[in-house]
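The values are calculated or read from the model by the stated rules, or taken from the named source; none is laboratory data. This is a predicted model, so every value here is computed, not measured. Note that we place each Cβ from the backbone using ideal geometry, even for glycine, and neighbour counts take in every protein chain shown.
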Amino acid sequence: MDLYFHAPSDRTAATQQDIINQLIAAGLDGIAISPIDAEKQMEFLNSIPTNVLLVCADSDAPKSRRLCYIGTDNVAAGKQAAELLKAGLPQGGKIVLFVGHPSSLNVEERVAGIKAGLAGSNLEIVETLADEFKAAVAQRNAEETLAKHPDLAGMAG
């Protein structure tokens, strides 16, 4: 059995789909994918031939014909992150969240879990910023956040 690992260099759904199309054409038996944007990729995911096993890992596409999802309960992970934020910032204050792809289901669920976990606390999320997994964008986001919010209590990514 051979296993191939591919990550889109530009981390876009289009490139992810191009890679999968190439692998399907090569005759692979199964695909494990972390959909970058499950809603926008649904038609594509459901067009993968039925003789190719489809598994979602890390980020799910629950409306697809995928066989199963392997990964974290992302809402619960977000709630755990909220507990860590509250423990690390007991004085409370403003925080900013940093994410890769805001449209990824795992990100949406984790942020929802953080918000639920922080409800009623003295921590306030003032922004959620995306970097599309680009280091330069992540650095710029952090620098601009510190300039924009001099009273910031914390940042979480």
Checklist entry - In this structure, is I33 surrounded by 19 or more Cβ atoms within 10 Å (Cβ to Cβ) and within 25 Å of S9 (Cβ to Cβ)? => result yes
Next on the checklist: Taking the conditions exactly as written (in a strand (DSSP E or B) and either hydrophobic (A, V, I, L, M, F, W, C) or surrounded by 13 or more Cβ atoms within 10 Å (Cβ to Cβ) (or both)), does I19 satisfy them or not?
Outcome noted: no
Item to check | Matching residues in segment 104-157 - criterion: being buried (at least 16 other Cβ atoms within 10 Å of the Cβ), of a type outside the set (A, V, I, L, M, F, W, C) and touching a residue at least 40 places away in the same chain (Cβ under 8 Å) | outcome: S104, N106, N141, T145, H149
Next on the checklist: Pull out all pairs, ordered by first then second residue, where Cβ-Cβ is under 9 Å, the residues are six or more apart or on different chains, the first lies in segment 4-19 and is more than 16 Å from I48 (Cβ to Cβ), and the second is of a type in the set (S, T, Y) and at pLDDT 80 or above.
Outcome noted: P8/T15; S9/T15
Item to check | Top-ranked residue in segment 127-152 [being among the aliphatic types (A, V, I, L, M) and in contact with a helix residue (DSSP H, G or I) (Cβ under 9 Å, 6 or more places away or on another chain); ranked as farthest from S34 (Cα to Cα)] | outcome: L152
Item to check | segment 67-82, residues that are closer than 14 Å to V107 by Cβ and among the β-branched types (V, I, T) | outcome: T72, V75
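Please work out if A32 is assigned by TED's automatic domain parsing to the domain that holds A119, under 25 Å from A130 (Cα atoms), of a type outside the set (S, T, N, Q) and outside any loop (DSSP other than H, G, I, E, B).
Working: assigned by TED's automatic domain parsing to the domain that holds A119: no; under 25 Å from A130 (Cα atoms): yes; of a type outside the set (S, T, N, Q): yes; outside any loop (DSSP other than H, G, I, E, B): yes.
So A32 fails the test.
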Checklist entry - Are any residues in segment 99-113 among the aliphatic types (A, V, I, L, M) and farther than 13 Å from F133 by Cα, and if so, which ones? => result L105, V111, A112
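Would it be correct to say that A76 is surrounded by 15 or more Cβ atoms within 10 Å (Cβ to Cβ) and closer than 30 Å to V126 by Cα? Step through it out loud before you land on a result.
Working: surrounded by 15 or more Cβ atoms within 10 Å (Cβ to Cβ): no; closer than 30 Å to V126 by Cα: yes.
It is false that A76 is surrounded by 15 or more Cβ atoms within 10 Å (Cβ to Cβ) and closer than 30 Å to V126 by Cα.
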